[in-house]
Structures are given as structure tokens and as C-alpha cells.
1. Beta carbons within 10 angstrom, averaged per residue: use that to sort the peptides 53-59, 38-44, 3-9, highest first.
2. Could you work out [θ]222 nm for the chain from helices alone, using -39500 (n - 2.57) per DSSP H run of at least four and dividing by all its residues? Round to the nearest 500 deg cm²/dmol.
3. Residues with beta-carbon under 9 Å from that of ASP25, excluding ASP25: net charge, scoring Lys, Arg +1 and Asp, Glu -1?
4. Under the classification rounded if a/c is under 1.5, otherwise prolate if a/b is larger than b/c and oblate if not, where does the chain fall, given a ≥ b ≥ c as square roots of the Cα gyration tensor eigenvalues?
Amino acid sequence: MDVCEIQIDWQGPFSVEEVIKKMDDEGASPNYDGEDYGLYQIYGTHILCGHNTLLYIGKATQTNIFPKV
């Protein structure tokens with residue numbers, strides 16, 4: 001089995017407005033090697049687990065799909 005190391009440099013939290021306005025270095029396809037991409041998580045209220053529950057984990061490869069504000 002090959003072993004690999006993954007390093008995550010976490011920043012934030014950011015508001016949706018901050019992401020739309022400032023985060024536009026996605027890099028080019030197919031590698032998307034810009035600085036503004038990565039993992040994100042969403043917390044909220046779950047009907048069974050209550051408040052402040054992890055609802056979703058995702059990966060962003062394109063952040064500038066919205067027009068600049």
C-alpha cells in the first residue's frame with residue numbers, strides 16, 4: 001500500500017459575500033492549481049442531532065462562478 005501525506009492549511013470562516021468578492025484564483029482546468037479552492041464544511045440544525053451539527057463536507061474547485069460584487 002502506498003502512503004501519502006495530506007497537509008491542509010485551513011483559513012476562515014468566510015462569509016458568502018467575502019468568498020464571492022475576494023476568492024477568484026481557482027487555477028486552470030484540469031488541475032485547478034490556484035490558491036482559492038479546497039475543502040469546506042457546513043454546520044446547521046439537524047432535526048435529530050440538534051444545533052451546530054455537521055451537515056455537509058465538500059470540495060471546491062471553482063469559486064469564481066458568481067459575478068464580482
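1. Working: 53-59: 10.0, 38-44: 12.1, 3-9: 4.6.
Ranking, from highest mean packing down: 38-44, 53-59, 3-9.
2. Taken over the chain, the calculation gives -2500 deg cm²/dmol.
3. Details: positive: none; negative: ASP24, GLU26, GLU35, ASP36.
Computed value for this residue: -4.
4. Judged from the Cα gyration tensor, the chain comes out oblate (a/c at least 1.5, b/c at or above a/b).
Only the coordinates and a few stated rules stand behind these numbers; no lab work does. Every value quoted in this text rests on a predicted model; they were computed, and no experiment measured them. In this analysis, Cβ positions are derived from the backbone assuming ideal geometry, glycine residues included, and neighbour counts consider all displayed protein chains.
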